Amino acid sequence: MVSFIVFGASGHLAHQKTFPALFNLYARNCVNRQSFYVVGYARSKLSEPDFQNSLKDFIKPEQEQAKLYDEFISRVSYFTGQYDQADSFKEFNKYLENLEKNTDQSKGLRVFYLALPPSAYVSVGNFIHDHVYLPDGRTRMIIEKPFGKDYDSSIKLKEDLHKKWSEDEIYRIDHYLAKDMIINLPTLRFANPHSLDALLNNHHVKSVNISMWEGGGCDGRVGYYDINGVVRDVLQNHMSQIFTVAAMDEPKSESPDDVRYEKVKVLKATSHASLKDSILGQYVSGNGKGGYKDLEGVSKESKATTYVATTLFVDNERWKGVPFVFDSGKSLERGRVEIKYYLKGKESGIFTDVNQDHYISFSVQPNQEVVLTAFANKPMSSERTCVNASLNLNFKEQFSEEMKNKRDAYEILFEDAIRGDPTKFVRDDEVEYAWRIFDEILDSPNEPLPYPAGSTGPKEAEQYLKSHLKLIQ
């Protein structure tokens, strides 16, 4: 039997992401339906029917899934409890034992998902371990970023969690690791060693650009951004995870330890970001959109950063001398996430008189596609006339049937946690090394550079990206 317990069950994250993902797992038969139960835990005093009804606006079953939805909801229960009182957890354990009483409890599994503020992880984790814990690998705890606010706090969080929990019981979610292109990237690279991956090294690549642009601003997240900024929000976590998958060497096997060992090797070999070689910005009003300081609750003196560009180097055989340039921001021209490997031009022989910034790109969103740009001779021309061309693997076109059943990242991660596969989760040493890399640029004393909302970022960033990426034009 699997009991999937959602702490913070009455909150927005749980309703918008968690419960729809759990329903999809149930609907797709990715769990044993007869032995799968979902329990919401929160302080809100709700009856079970009221809580079940509150999910209807967020879970959107297909018409033919109406019966499955009813079955799923009948397996969703609710418990009102406190997060800081041992008695609540003792009572909750009795509640779970009653739920599980007709099953083989020696084979039971309890998965706790904490949709709570990070400040609650240690105390709630301790209460779970003291009062609601099943031994022998039958308890797992899933937590969300941020895992600390800097290197020192991340170490303290790890040490505090490890007082009760072993590392293999802790599943740190970074939902970008379950994005389809990120899952695909190791396959595209290492299953094609004589084509794609053969080009991804310092013999052929002059620079790498990892971009995460968001078209939306900081509406609704002012409290978070004013304290944390863009580096803590996406660079230290989502973008560093994408970076490790883009730069890692082939693992010895597909085991979680071997995969994460290679990711950590990349982080260990990576230089640290510096303020003097970074661009930090904040969006102002422009293109019909308001600026960050126009948002309610934001001080006119705020130095919160909503844009960052910075450059790192990996000191290993594959990537030595190749700059990895990161750029990310809120309220930019459009939303996109991609990895772009810029290829070196020819240095001798024919065709050295033509040059272009050709690249291999892996787009994560909005479209999932792989693009290789190259020269071709102009069709129907009797003379050599080089024109730019591209080879495109578009997932929606190539895998149209499979893409109809596209899965949410949380659904994939919850299934892996239930199966006990931590490959797509973040290990403690990955967290530590990523914080160490970006520690210097977390909090800048300088005024962030302004850029108009709906633009491509600060005007200084254009030249920064061009020079650091070694672009021709």
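The values are calculated or read from the model by the stated rules, or taken from the named source; none is laboratory data. Nothing here was measured: the structure is a model prediction, and the numbers come from that model. Backbone-built Cβ (ideal geometry, glycine too); neighbour counts: all protein chains shown. Remember, those area values only see protein heavy atoms, side chains included, never the ligands or the DNA or RNA. Shrake-Rupley method; radii C 1.70, N 1.55, O 1.52, S 1.80 Å.
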Alpha-carbon gyration tensor eigenvalues x 5, square-rooted, for the stretch 347-389, Å: 27, 14, 6
Percent breakdown of C-alpha pair distances by 5 Å bin, ordered from the shortest bin, for the stretch 261-317: 4, 15, 17, 14, 12, 11, 9, 9, 7, 1
Isotropic mean projected area of the C-alpha convex hull, the chain (nm²): 26.0 nm²
Segment residue 351-residue 12, length gained on full extension (0.36 nm per residue, minus Cα span): 116.3 nm
The stretch 383-473: equivalent-ellipsoid semi-axes (sqrt of 5 x gyration tensor eigenvalues, Cα, Å): 34, 31, 15
Paired Rg and Dmax values of the stretch 252-350, which use every Cα atom, in angstrom: 19.3, 62
Estimated FRET transfer efficiency when R0 is 45 angstrom, pair residue 71-residue 392 (beta carbons, to 0.05): 0.60
Mean separation of Cα contacts under 8 Å (6+ apart) over length of the chain, as relative contact order %: 18 percent
Farthest positive-ward along the chain dipole, Cα basis, beta-carbon charges - from 403, 223, 267: 403
Column: log10 I(q)/I(0), Debye, Cα scatterers of the stretch 272-411, q = 0.14, 0.15 Å⁻¹: -1.02, -1.09
The stretch 287-397 - percent relative contact order, Cα under 8 Å, separation 6 or more: 15 percent
Diffusion coefficient, µm² s⁻¹, Stokes-Einstein with Kirkwood Rh over alpha-carbon pairs of the stretch 47-92 at 20 °C and 1.002 mPa s: 172 µm²/s
Positive minus negative residues near residue 301 (Lys, Arg vs Asp, Glu; Cβ under 12 Å): +1
Rounded to whole Å, sorted largest first: equivalent-ellipsoid semi-axes of the stretch 309-385, Cα gyration tensor: 29, 20, 11
Kirkwood Rh (inverse of mean 1/r, distinct Cα pairs), the stretch 131-172, angstrom: 11.2 Å
Relative contact order of the stretch 330-445, pairs being alpha-carbon contacts under 8 Å that are 6 or more residues apart, as %: 14 percent
Residues with amide H under 5 Å from that of residue 449, placed H, sequence gap 5 or more: 280, 281, 282
If the convex hull is drawn through the Cα atoms of the stretch 102-181, its volume per residue in Å³: 125 Å³
Overall dimensions of the stretch 347-427 as given by Cα atoms, namely Rg and Dmax in Å: 20.3, 62
Share of carbon and sulfur in the accessible heavy-atom surface of the stretch 100-234 [1.4 Å probe, %]: 52 percent
Net charge over other residues, Cβ less than 13 angstrom from the Cβ of residue 269 (K, R count +1; D, E count -1): +2
J(HN,Hα) series, the stretch 165-178, from Karplus relation 6.51 cos²θ - 1.76 cosθ + 1.60, nearest Hz, glycine and proline x: 10, 7, 4, 6, 9, 9, 10, 8, 7, 10, 5, 5, 5, 10
Heavy atoms of residue 172: accessible area, 1.4 Å probe, square angstrom to 10: 10 Å²
Label-point separation, residue 466 to residue 202 (7 Å along Cα→Cβ), nm: 2.7 nm
Quotient of C-alpha Rg and 2.2 N^0.38 Å, computed over the stretch 147-264: 1.27
J(HN,Hα) series, the stretch 361-366, from Karplus relation 6.51 cos²θ - 1.76 cosθ + 1.60, nearest Hz, glycine and proline x: 10, 10, 8, 8, 7, x
Isotropically averaged projected area of the stretch 1-67, using the convex hull of Cα atoms (one quarter of hull area), nm²: 4.7 nm²
Solvent exposure of the chain as accessible area per residue, Å², 1.4 Å probe: 47 Å²
For peptides 251-261, 147-157, sequence by mean Cβ density within 10 Å, most packed first: 147-157, 251-261
